[in-house]
Amino acid sequence: MHLLSIADLTGDRIHCILNKAVEMKAEVRAGIFADVLKNKVLALVFHKPSLRTRVSFEVGMSQLGGRSVYITDQEIGIGARESIGDVARVLSRYVDGIMIRTFSHQIAVDLARAASVPVINGLTDLLHPCQILSDLLTIQEKRGDLEFLKVVYIGDGNNVANSWLNAASVLPMSLTICTVKGQEPDKKIAANAKAFAGSKVEVIYDPAEAVRDADVIYTDVWTSMGQEKERGKRRKGMTSLQVNGALLRKAPEDVIVMHCLPAHRGEEITDEVIDGPNSVVLDQAENRMHLQKAILTGLIH
Ligand code: CP
Ligand code: NVA
């Protein structure tokens, strides 16, 4: 009923969502728009900025014949002006689904617990499930079956890295997280992924070794939203993880380079790589919309 974490899904459910997204993307390309969510309304609650998540959900809802309402925390003041439970119960009387982007993951969990409509996690400090589900679609389009591919995430062990680990805990894949000491992903999430027999999961510290046989190189910012005050320190601590031309030359020639965006160009990735022939970042951004439309049609009735 909710989508808070990829770890709550089964492999079969993910394949169904991906198949639906492929179908819906082809329909958009053919100019076909079915009003399957006519008269339905999605609330978009944002405690952090967004380009992709906001626009892809808004446009996605309108392509499905529904509407969305954008709300920032200035209006609702979750937990300050009123309780999370009251926000959830009141919103549930007006709208057919709630997407929330917030800081503490617990806020999304508490909102979902009290809401009587589906809640979708549009990013928390801990997870970013819609991003990684969309990225699975991009990988499938570019390189085929994930089961036979090696995905290498190089960078901060953040919400994006954690959601990759969640994916590896339910879908067979080879996933390497390459980071620096002290920036490892969530321990429990990593342990769950390692415990899933279908996947090969490792956390290592040498980028050159990580990319040697990679099919996908994925990176994300070293300073996530909410960590801006630590940017100088984080930048210094993670320089060895930069995805640049020299590192790319150590990877197979046909490796695809992914980034969820926004990028801090010149930090975790160079212009040469993000704008280069291996990069698929704009396909990733587009696929957010197709994949989320598949999620919305499955959750909202
Ligand atoms: N990738 C992503 O979630 O982008 P936004 O922060 O712009 O929504
Ligand atoms: N890790 C980044 C992802 C942005 C889409 C952040 O949380 O800011």
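Descriptive notes on the structure:
- For Y218, nonlocal amide neighbours, meaning residues 5 or more places apart or on other chains whose placed amide H falls under 5 Å from its own, are V152, Y153, I154, M258.
- Backbone HN-Hα couplings from phi across region 159-172 [Karplus 6.51/-1.76/1.60, Hz, Gly and Pro as x]: 4, 5, 4, 4, 6, 4, 5, 4, 4, 6, 8, 10, 10, x
- Karplus-based coupling profile of region 135-151, in residue order and whole Hz: 5, 5, 5, 5, 5, 4, 5, 8, 10, x, 5, 4, 4, 9, 10, 10, 9, with θ = phi - 60° in 6.51 cos²θ - 1.76 cosθ + 1.60 and x standing for Gly or Pro.
- Shape category assigned to region 179-301 from the gyration tensor of Cα positions, a/c cut at 1.5: rounded
- Estimated dipole of the chain in Debye, rounded to 20 [Cβ of Lys and Arg +1, of Asp and Glu -1, Cα centre]: 560
- Each of L296, L241 was scored by other Cβ atoms within 10 Å of its Cβ. Listed from fewest to most, they are L241, L296.
- In the chain, Rg over Rh equals 0.96, where Rg is the alpha-carbon radius of gyration and Rh the Kirkwood radius from pairwise Cα distances.
- For region 6-67, fraction of C-alpha pairs farther apart than 20 Å, in %: 43
- When the Cα positions of H128, S163, L111 are compared along the charge dipole of region 70-188, S163 comes out farthest toward the positive end, with charges on each C-beta of Lys, Arg, Asp and Glu.
- Near M225, no amide H atom lies under 5 Å from its own; only residues 5 or more places off or on other chains count, and H is placed 1.01 Å from N.
- Once the C-beta distance of E228 and A195 is scaled by a Förster radius of 41 Å, the resulting FRET efficiency is 0.75 to the nearest 0.05.
- Projected-area mean, region 93-248, by convex hull of Cα positions, square nanometres: 10.5
- Ordering V243, V273 from the fewest to the most neighbouring beta carbons within 10 Å gives V273, V243.
- Shape class for region 46-89, computed from the alpha carbon gyration tensor (a ≥ b ≥ c): oblate, with a/c not under 1.5 and a/b at or below b/c.
- Cβ-to-Cβ counts within 10 Å put W222, W164 in ascending order as W222, W164, the fewest first.
- Cα gyration tensor, region 29-174 - rounded (a/c under 1.5), prolate or oblate: oblate
- What the phi angles of region 221-227 give under the Karplus curve with 6.51, -1.76 and 1.60, with θ = phi - 60°, is a coupling list of 4, 7, 10, 7, 4, x, 10 Hz, glycine and proline written as x.
- Long-range HN-HN contacts of V243 with modeled amide H, under 5 Å: I269, T270
Every number in this text was worked out from the coordinates using simple rules, so none of it is lab data. These figures come from a predicted structure and were not determined experimentally. Every residue, glycine as well, gets a Cβ built from its backbone with ideal geometry; the counts of neighbours run over all protein chains shown.
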